[in-house]
Each structure stands twice: as C-alpha cells, then as structure tokens.
1. Rounded to the nearest 5, what % of DSSP beta bridges with both residues in the stretch 271-487 are antiparallel?
2. Towards the positive end of the charge dipole of the chain, with charges on Cβ (+1 Lys, Arg; -1 Asp, Glu), say which of Ala272, Leu117, Ile62 has the farthest Cα.
3. With θ set to phi - 60° and the Karplus curve 6.51 cos²θ - 1.76 cosθ + 1.60, what are the ³J(HN,Hα) couplings of the stretch 239-248 in order, to the nearest whole Hz, using x for Gly and Pro?
4. Under 12 Å from the Cβ of Ser131, count the other residues' Cβ atoms, weight Lys and Arg +1, Asp and Glu -1, and hand me the total.
5. Extension gain Lys404-Gln177, at 0.36 nm per residue separation less the Cα-Cα distance, in nm?
6. Given +1 on the Cβ of Lys and Arg, -1 on the Cβ of Asp and Glu, and no further charges, what dipole in debye does the stretch 72-217 carry about its Cα centre, rounded to the nearest 20?
7. Which residue, Ile128, Val371, Asn285, has the largest displacement toward the positive end of the dipole of the chain when charges sit on each Cβ (Lys, Arg +1; Asp, Glu -1)?
8. In the chain, what % of DSSP beta bridges are antiparallel (nearest 5)?
Amino acid sequence: MNLKRTLVACIACMVLLGTVFMCGPAEAAAKDTLIYVMGTEIVSLDPPNQTDTPSMTVIRHIYDLPIHPTPDGKLAPGLFTSWEHSADGKTWTFHLRKGVKFHDGTPFNAEAVKFVLERNTSATKKVIRRSFFTPWAQTIKVIDDYTIQTSSDKPFAPILRFLTHASAAMVSPAALQKYGNQINRNAVGTGPFRFVEWLPGDRIVLERNEDFWGEKPKYKTLIFRFVKESSVRAMMLETGEADLALKISPVDIDRLRKVRDVDVLVEPANRAIGLTINTTAPLLNDVRFRRALAYAIDKDSIITHIMKGVARPSCSTIGGGTFGEVTPKCYEFNPEKAKQLLKEVGYNGEKITIWTPQGRYTMDRETAETVQAFWSQVGVNAETRVMDFASIVKGTQLPPDKVKYQVVFIGFGPVSGDGDQVLRARYASSQIPPNGANLSRYSNPEYDSYAEAQAVELDVEKRLEMMKKCQEIVMQDLPVIPLYTIDAVVGVRKNVKGVEMLPIEMALVREAYLEK
C-alpha cells in the first residue's frame, strides 16, 4: 500500500510540474541556473506601463533604477550617483554614473535620461505612470554628458522615493525607437540580466549581462516561472524544481519548515489588500451600499482562519510601514447594520461579482470566496469570478463606456515607499482610467484638493496631516474596502544565498548565488 501511494504521488508530481524526475529528493537546479517561481504571470516589461509587482520584480533584474531602495528603507545611488535641489525645491540636478551601456550597446548618458523622461511625461504617449513624472519633470535640461536637470512650477515632496520605483527604470532610447510599444516584449536595460524570451503562460528567461557595470551575477541564467497553484509551487520548492517560490500558502508554511533543504522567510510588507469598488456602477455608486458591504465582512476571521496569521489588520488604503500611513476609523463587523443599509437603498437581489486572481496574492481566491460568503449571509447575491491577473488589469483600464467590473480583489503596495503613490495615483479623479490607475473611478473634489496639496508640501508635519485627511475621506466614501496588510512569505532552497527581501513585497536575486 505504501509503495502504491508513493507511485501515485510521483505520477501526480510529473503531471503537475510537466517535468519528469525521479521519486525521492530531487537535485537542485543546475548551479548556473536559478528558477524563480511566481504565482501569476507578469503584465508588462515596459517600466512606465505596468502597475503590478510581478512585472516590477522582473523589471528590476533587467533594468537599473536612478536610485536604489535598500531593505531598511534608505536610498542608495543607482544610475544617479548624487543629486541636489534648489532652495525652493522646484529644480533638481542629478549626476549620472559613467561607463554604463544599455544591453544593445547604447551609451547611458544625460541624453538617454532626457529621452526616457520626455517619453514618461509625454501628453501624447500617455504612459500609465505618467503622473509619477509630470509633477517634477516639466522641464528637462541636459547640462553635460553626465548631468541632467529637471524643474517644475511646484516642488514635489516624494521625488526621490519615486525615483526608486520600477517605472523610473532607464530604457534604451535606441530600443524604444526600434520597438515602440513592443518594448513590452523586447526589454533593453542596463541591469545585471539581459532579456532572452517570454513564453506566455509559462516563463521568462534572462541571461547574465557580461558587460554589467556593477558586480556581475554569480549564475548565468535566471528563469521566472508562472505557477498559479500554491500547492504546486510548494511542491516544486520541496523537490528542487524551484530555487525560490513566492506566495507560499499559510497552510504550507509549517510543513515546509520541516523540510531539510528549505527555508521559509516571512517578512512584513506594505501591501494593503482590499476590495476595489467601481463607484460608477449601479448600486455601487451609493455609499450606503458600499458601507453595507463593509459592515458584512468579518476581517478578523479572515486573518485568523484564511491567512493563518500572516496578515495584519488594516483600515487604511496605505499599507503599514509606508510613509504617511495612519489608522482611520474602521468598519466593524456588524451584519445587522449591513442589513439595515441594504434595506435603505432598496436592494432587491441584484448580482454583485467579485473579480479575483488566483496566485497573485497569498490566499487571494480563498479570501474573495470568503467575502462572497459573508455578503451572502446578509442577503447580497454575490459571486466570484477567477481571472488571470493580466486580464483583470486590462479590464479595469478600459474607457468608461466599456467598463464591466463591479468589485475587484486587489492589493496596493506603494513600491516607492511613499503614500502619495496610492493617494494620488489610486484615488485622484485625474487618474481615472485610461488616464491612470484610479480603478475605483472615484471622484471627490475635496479629496482631490488634499491629495494634490500633500504632494507639493515640503513641511513634513503639514504633509502628514493632509495625508491623514485623505485616508479619512476614503474611509468615509469607501471606494475601496481595506481588509488587511499582508506579510511576504517566500520559500527558498537553503543553498540559495543573498536573496534581497524588500519591504515592498519584493524578493530580488540580482546578487544571489547558489552554493554547491
């Protein structure tokens, strides 16, 4: 009987992984190849035209940033080695790293930076992350080959933090001219790895950049695999088919910690998980209905029973640990209050659909289904629709006359480490798609005034007060129902050293190596 079970298990492994290997402990991946397993496919390799952390993670290995964020939240020189600003904060001068070339041989210099910034601020090209650059790069001036200056009519408080964001990665001007929008599939940066191929639904392959300006990677090939099922990611890690796996399910943590060759890393992250609501949709355009949905959810139960403790309560749209984050008044679990509000709005059983990914966030589908169950208990006719994450992103970016979504299970993690990235980019009316990433399509002039004012306020205390007001208004109007802030749970083989865990829910292997 034991032999039979063993054979069945081995056959199941081969079917699930699409890889034939011997039963029993598998050998780790070849020492010159690192296999990095994600829970979802990336959306884009074009830095200013992506909004998801999986895309940013791959981008961070192909491209370099002007300024690099450190695990302890500090700023380190990247392609920009130093900088200074005018007394009024409106003009910034950046000094560039010398001796750097893009993967296609194009030199990195001030003209290249100017080309990239002009694209990122263009009113005609309209990259998704345009709002990250227009506040501070209204004028771009080349001072000399390795010095560039930007200026604007107002200061921009989080400018340095925004230069640590993946959208600010430097792209080869020659490649942009050659590929245009197809740069998405033909990434050319200055980073430690070169792009080789993207096999949709399966993997992205990168190879070591032998001409990298910094310390060269210690292994030759980096492969990002896309595997939705958390149980399969855990199995791949166990057998050695993967060297690193993201989004380890809470139910697998204790078991994997008992595996001799595996480590499980659990680190606080700044990603706030919640339910983004299309405030222009029927019923959902009534704040009373949105509040009813909030009162119907037992968040503590979700954290305890679904997330198994690898999440922290959150009532803010900004994840814990982000600059500007506060804790506004929460909506407590109150089913009777939910029923009362549903009666007030005249709810008559109309269907509410939750779009949810599977594998993008830890226990995403399971949490969305639990929310559906809570809503059903107060009489809301709810359903979940599992979709690949790229389709969710595309569906939420459509023009108003083509929008079909109602509620989306999604997380926001300010990769810049500054709350402005959420407050303006996610809720300012100027950022309603297709102009930006205000997926709630939320519009409130009072909110807009605070969101825009905090971005140009250089007095830290005054700015924090404005950011607090923004979060309070959002909780009153509920374009999003915050659920929790997650912890990053990453599994690694014990022979993998040098993994860089950033508090922005990102694990980098730029400087990692594989012990024999």
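Only the coordinates and a few stated rules stand behind these numbers; no lab work does. Only a predicted model underlies this, so the values are computations on that prediction, with no experimental measurement involved. Here the Cβ positions follow ideal geometry from the backbone for every residue, glycine too, while neighbour counts run over all protein chains shown.
1. DSSP beta bridges in the stretch 271-487 are roughly 60 percent antiparallel.
2. Of the options given, the answer is Ile62.
3. 7, x, 5, 10, 8, 8, 9, 8, 6, 5
4. Taking every other residue near Ser131 into account, the sum is +3.
5. Working: separation 227, 0.36 × 227 = 81.72 nm, distance 3.47 nm.
Roughly 78.2 nm would be gained on extension.
6. 400
7. Val371
8. 75
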